[in-house]
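Trainee: Before anything else, here's the structure in question.
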Amino acid sequence: MQANIVLLPGDGIGPEVTAEAARVLNAVADLGGHEFQLESHPMGGNAIDDFRNPLPPATLAACKAADAVFLGAVGGPKWSDPTAELRPEQGLLDLRAELGLFANLRPVPVFDSLVELAPLKPELLRGVDLLFVRELTGGIYFGPRQEQGDGDVAYDTLVYSTAEVERVARVALRAARGRRGKLASVDKANVLASMRLWRRAVTEVASAYADVEVSHHLVDAFAMQLMRSPAEYDVILAGNMFGDILSDEAAILAGSLGMLPSASLGSGRQGLYEPVHGSAPDIAGRGIANPIGAILSTAMLLRHSLHLEAEAGQVEAAVAAVLADGLRTADLAPPGQPAVSTKETGRAVAARLAGA
Ligand code: IPM
Ligand code: MG
């Protein structure tokens, strides 16, 4: 097949992990006789430097025209002055909103070969298979807000409409139906009006999915339960900010934040795919970042935007195989053990694919 994929390498380790994602996409294309056109565009802090805009119009136009978009990471200390007018992260939020990507899928891959490395007891990790569905274009990230300016007050507003909750709840319920049939919805209905609406809307939509077992949880207690008995959960549905926080917490289960992929989807086939980790300025430019979250994001791209399910499975199997072989980037290597580089990891996955 032919596909037009836009790459937004971004800042910090973004370009390093994007290069390995591109290597894997090229390997998939070579193997399957596909034609993937990969085209890089500026976005984030680098785009602020060069265009005074974290999401330049030409980048947005290219994303809108693409079959799929891959993003490395955005942000860094250079652009994080609290008084700065332009922020790299705003480019990402605008891109999600412009493309209408309201559902963010964040699976938590727990590989057998890494169970011993995670800080939790191995017996807690056995059987863990989680999928977060995070609402992505609403909630406190997008409600009315006021910057501090010269005054002493600033605010952000948590707003949800029934329709916004219902559409993302449907995505989560359908996902649960195709998995173990369980949905845990996370809110703060004991305190926040918007979260009482959230709970009502989820309950309402769920009534049409009698085969899915739905439970409701308050976010504070859930954050604890998630570490105490992670194997109990299947699909976890949360609003924009709670989903942001809980998915980073869940990285503990995967052994490293560098392992987590994501797919941001709307009502069509187009999607934005990005590792869950950030730009990691502390290790940028050293070639040691873990590209597995980025590579697993390309598997999600193949699956959700290109409908290449077999190829997606091959990428995931190649990742599992190189990890089983003992390949470890610095974030995964036990202290004192040698670690492989970002490039070596990407090359090993591509070689596995070619040998598959
Ligand atoms: C994420 C990130 C982003 C978010 C930032 C970079 C805007 O933390 O994708 O999880 O908060 O959504
Ligand atoms: Mg985050």
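The values are calculated or read from the model by the stated rules, or taken from the named source; none is laboratory data. Predicted model only: the values in this text are computed from it and were never measured. Counting neighbours? That spans all protein chains shown, and the Cβs are built from the backbone with ideal geometry, glycine included.
Trainee: Suppose we filter region 169-199 for residues that are part of a helix (DSSP H, G or I) and either hydroxyl-bearing (Ser, Thr, Tyr) or closer than 19 Å to ASP211 by Cα (or both); how many remain?
Mentor: Here the count works out to 11.
Trainee: Of these, PRO109, PRO122, which one is under 27 Å from ALA294 (Cβ atoms), more than 16 Å from ligand 1 (Cβ to nearest atom) and loosely packed, with under 13 Cβ neighbours inside 10 Å?
Mentor: Among PRO109, PRO122, only PRO122 is under 27 Å from ALA294 (Cβ atoms), more than 16 Å from ligand 1 (Cβ to nearest atom) and loosely packed, with under 13 Cβ neighbours inside 10 Å.
Trainee: Further question on the same structure: Looking at region 268-287, can you tell me whether even one residue there is modelled with pLDDT under 95, touching a helix residue (DSSP H, G or I) at 6+ places or on another chain (Cβ under 7 Å) and away from ligand 1 (no atom under 16 Å from the Cβ)?
Mentor: There is no residue in region 268-287 that is modelled with pLDDT under 95, touching a helix residue (DSSP H, G or I) at 6+ places or on another chain (Cβ under 7 Å) and away from ligand 1 (no atom under 16 Å from the Cβ).
Trainee: Here is a follow-up. Residues in region 285-292: is at least one under 17 Å from ILE13 (Cα atoms), surrounded by fewer than 23 Cβ atoms within 10 Å (Cβ to Cβ) and within 15 Å of ligand 2 (Cβ to nearest atom)?
Mentor: No.
Quick grid of which residues meet (1) among the acidic types (Asp, Glu); (2) in contact (Cβ under 8 Å) with a residue 24 or more places away in the chain; (3) within 16 Å of ligand 2 (Cβ to nearest atom):
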residue: MET43; (1), (2), (3): no, yes, no
residue: ASP50; (1), (2), (3): yes, no, no
residue: THR59; (1), (2), (3): no, yes, no
residue: ALA68; (1), (2), (3): no, yes, no
residue: SER80; (1), (2), (3): no, no, yes
residue: LEU95; (1), (2), (3): no, yes, yes
residue: PRO107; (1), (2), (3): no, yes, yes
residue: ASP112; (1), (2), (3): yes, yes, no
residue: LEU117; (1), (2), (3): no, yes, no
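Trainee: Next up: Filter region 82-93 for residues that are among the charged types (D, E, K, R) and over 26 Å from MET259 (Cβ atoms); which is farthest from ligand 2 (Cβ to nearest atom)?
Mentor: Selected residue: GLU85.
Trainee: With the condition kept exactly as written, say whether any residue in region 6-14 is assigned to a helix (DSSP H, G or I) and not charged (D, E, K, R).
Mentor: The answer is yes, given that some residue of region 6-14 is assigned to a helix (DSSP H, G or I) and not charged (D, E, K, R).
Trainee: Can LEU192 be described as aliphatic (A, V, I, L, M) and closer than 18 Å to MET300 by Cβ?
Mentor: The answer is no for LEU192.
Condition check ((1) in contact with a Ser or Thr (Cβ under 8 Å, 6 or more places away or on another chain); (2) surrounded by 19 or more Cβ atoms within 10 Å (Cβ to Cβ); (3) outside the structural domain of LYS343 (by TED's automatic domain parsing)) across all residues:
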| site | (1), (2), (3) |
| --- | --- |
| ILE5 | no, yes, no |
| LEU8 | yes, yes, no |
| GLY12 | yes, yes, no |
| GLU16 | yes, yes, no |
| LEU25 | yes, yes, no |
| LEU38 | no, no, no |
| ALA61 | no, no, no |
| VAL69 | no, yes, no |
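For (1) in contact (Cβ under 8 Å) with a residue 12 or more places away in the chain; (2) farther than 14 Å from ALA169 by Cβ; (3) within 15 Å of ligand 2 (Cβ to nearest atom), each residue gets a yes or a no:
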{"position": "LEU183", "(1), (2), (3)": "yes, no, no"}
{"position": "ALA210", "(1), (2), (3)": "no, yes, no"}
{"position": "HIS217", "(1), (2), (3)": "yes, yes, no"}
{"position": "SER229", "(1), (2), (3)": "yes, yes, no"}
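Trainee: Of everything in region 71-95 that's of a type in the set (A, V, I, L, M, F, W, C) and surrounded by fewer than 22 Cβ atoms within 10 Å (Cβ to Cβ), which residue is farthest from VAL276 (Cα to Cα)?
Mentor: ALA84
Trainee: Further question: Just give me the residues in region 128-163 being surrounded by 11 or more Cβ atoms within 10 Å (Cβ to Cβ) and either at positive phi or outside the structural domain of VAL205 (by TED's automatic domain parsing) (or both), in sequence order.
Mentor: GLY139
Trainee: Hey, any hits in region 3-13 for a residue that's touching an Asp or Glu at 6+ places or on another chain (Cβ under 6 Å), at pLDDT 95 or above, under 30 Å from THR329 (Cβ atoms) and hydrophobic (A, V, I, L, M, F, W, C)?
Mentor: Yes.
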